[in-house]
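Structure record follows, encoded as structure tokens.
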Amino acid sequence: MSKQWVLWLGIIVSVIGGAAAQDSPPLTPAGTIQVVTELDVYGESLLFAEGQLQNVSPDQAYGNVLLEATAYDAADQVVGSGLGYLTNACNEGLALDFALQPGAVQRFAVPLELDEDDAVVSRVEISAQGEATTPAIAAEPVDEPGIRQLGSGEIVDVEWIDEGSLRYAEGCWRDLFIDWQWREQPLNSEAITITHPKADLVTEALRRQLGLLEPLYFQQSMLHYDPNGMRLVYQTELNVIFTAERDGSFRRRMFREGERLSDRTLQGIYWLGNGNFLAYYYGAIGDPITYFTATVDGRLLSETPANSTPSLTRPGASPDGNDVVIALAYEEGYAYYRKRAAFDSSEQLLFTLDELPGNNWPGPIWQRDGDGSDFIYLALPRDDEARLVCYNDQDKQLYDLGQLPLRLNDDERAWWWMSPEKGSIALAANGLNGGLWQLDLAALPACE
């Protein structure tokens, strides 16, 4: 099951789930259940009970988990019911072979069908059943010098504050940053829960100025603020890209009227530093990726998405946005190329390889030192592992720096970001094996 078309609008009421029936497996709601109204793509309102389910068994896993909800009004009369499923942070149903491991907690969603249209839900009881199965053998954690886990969960964004601290977000990757749960993480101490420092800028007045009052268009806008500035980037309901000031004034359209973006899906906006960003587009895993680089002031640095050389993997870009790293087919295998972003047919071969990462893997990180030296970090699959490699543009060599703690299914994603002084990389992933890791480059093998 999938709920990819559902958008969160707001909480109606919070209730505590009831215990599972005595003859049910030890699957029970953990914490508060939220009853929320959501919209589908047609603007129809739907009602869901959402929360977390815990397997309290110490030694038994459960697959084929099915949840049943019973809704009550304030008079304790049954007013609705529903059958539901386990989900990820985007409320998408998990794979059929998923098994909830002993002690594990996982999100769930139950669509509610009310007996009367005007019924008001006061509380919901949840019960769950599943098929007992042998627990999975836990994967060994990556034990590499210089790699340290900072957080767990479905981590989808990171902003470096300075060399010693960052903030990171947990939630659904396609939601707006104001809907994520943010934490601030000093590298030498514990994380604390925070509100994003620019969340208060997203007001009704801003949405009106940007033309995003319609909830569906607002949720699909991919609105991003420059982490180190005050301008923002967003897309309209027709996928037209604009930049604007913090209050929505001084809007600048990125492309001409004739540049078609309505048939492209914006998958991410990646900040390169100094107000430069890379935006990339594709449909499904395995599709070629088109892209562009630009400044938050609205100046295009590359070719348009329609004219860019499609990459077989997520592209990377230099900090100034003038060069890109892309993957193309090469003889019997594949190759990564360096290319001037604003020119066609300017590819420079970097290295060849037999296997490419998926579109869901992090794109290359381009590090440029003060003396003009270029180093390109990549996450590449090798022998069923994710490896950290580095291309040294001075000696034209590729160096293997060690194993990465990535275990991605096709519907899961990872991203990474270089720290301001280029001493660390923050690696984040969502999905069942999501988390946040610091890659301390000084403790890893040198890229030389």
Matching residues in segment 37-74 - criterion: being among the hydrophobic types (A, V, I, L, M, F, W, C) and open to solvent by less than 70 Å² (accessible area, probe 1.4 Å): 39, 46, 47, 48, 49, 53, 61, 65, 67, 69, 71
Test set (1) under 24 Å from the mean Cα position of the chain (by Cα); (2) modelled with pLDDT of 95 or more; (3) closer than 29 Å to residue 176 by Cα - residue 265 fails condition number: (2)
Can you pull out the residues in segment 418-431 that are more than 14 Å from residue 360 (Cα to Cα) and either outside any strand (DSSP E or B) or among the acidic types (Asp, Glu) (or both)? 419, 420, 421, 422, 423
Single residue of segment 270-295 satisfying the filter (at pLDDT 95 or above and among the hydrophobic types (A, V, I, L, M, F, W, C)) that is surrounded by the most Cβ atoms within 10 Å (Cβ to Cβ): 292
Of residues in segment 297-328 being open to solvent by 10 Å² or more (accessible area, probe 1.4 Å) and among the aliphatic types (A, V, I, L, M), the one farthest from residue 240 (Cα to Cα): 328
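Let's see how each residue does on (1) outside any strand (DSSP E or B); (2) touching a residue at least 24 places away in the same chain (Cβ under 8 Å); (3) basic (Lys, Arg); (4) within 25 Å of residue 423 (Cα to Cα):
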residue: 178; (1), (2), (3), (4): yes, yes, no, no
residue: 182; (1), (2), (3), (4): no, no, no, yes
residue: 197; (1), (2), (3), (4): yes, no, no, yes
residue: 213; (1), (2), (3), (4): yes, no, no, no
residue: 218; (1), (2), (3), (4): yes, yes, no, no
residue: 222; (1), (2), (3), (4): yes, yes, no, no
residue: 227; (1), (2), (3), (4): yes, yes, no, yes
Can you say whether residue 95 is open to solvent by less than 40 Å² (accessible area, probe 1.4 Å) and in contact (Cβ under 8 Å) with a residue 24 or more places away in the chain, as far as the supplied structure shows? no
Check residue 193 against each of (1) surrounded by fewer than 15 Cβ atoms within 10 Å (Cβ to Cβ); (2) outside any strand (DSSP E or B) and name the one condition it does not meet. (2)
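If I go through segment 412-434 residue by residue, how many of them are open to solvent by less than 20 Å² (accessible area, probe 1.4 Å), at negative phi and not aliphatic (A, V, I, L, M)? Give the steps one after another, and end with the answer.
First, pick out the residues of segment 412-434 that are open to solvent by less than 20 Å² (accessible area, probe 1.4 Å): 412, 414, 416, 419, 424-431, 434.
From what's left, at negative phi: 412, 414, 416, 419, 424-430, 434.
Cutting the leftovers down to not aliphatic (A, V, I, L, M) gives us 412, 416, 419, 424, 430, 434.
Within segment 412-434, residues that are open to solvent by less than 20 Å² (accessible area, probe 1.4 Å), at negative phi and not aliphatic (A, V, I, L, M) number 6.
May I ask you to say which residue of 152, 127 is within 28 Å of residue 28 (Cα to Cα), among the polar types (S, T, N, Q) and buried (at least 16 other Cβ atoms within 10 Å of the Cβ)? Before you say what the answer is, go through the steps one by one.
On the way: 152 fails: buried (at least 16 other Cβ atoms within 10 Å of the Cβ).
It is 127.
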Please tell me if residue 235 is open to solvent by 30 Å² or more (accessible area, probe 1.4 Å), touching a Ser or Thr at 6+ places or on another chain (Cβ under 8 Å), at pLDDT 95 or above and among the polar types (S, T, N, Q). no
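Within segment 1-106, which strands (runs of 3 or more DSSP E) (wholly inside it) include 3 or more residues that are modelled with pLDDT of 75 or more? Even if it seems obvious, please write down each step before you answer.
Working: elements: 7-16, 27-29, 32-39, 45-55, 61-72, 78-86.
Where strands (runs of 3 or more DSSP E) fall fully within segment 1-106 and carry at least 3 residues being modelled with pLDDT of 75 or more, they are 27-29, 32-39, 45-55, 61-72, 78-86.
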Matching residues in segment 354-391 (open to solvent by 10 Å² or more (accessible area, probe 1.4 Å) and of a type in the set (S, T, N, Q)) number 2
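The values are calculated or read from the model by the stated rules, or taken from the named source; none is laboratory data. As the structure is a prediction and not an experimental result, all values here were calculated from the model. Don't worry about glycine lacking a Cβ; one is built from the backbone with ideal geometry, like all the others, and counts go over all protein chains shown. We work out accessible area using only protein heavy atoms, side chains counted, and drop any ligands, DNA or RNA first. Shrake-Rupley method; radii C 1.70, N 1.55, O 1.52, S 1.80 Å.
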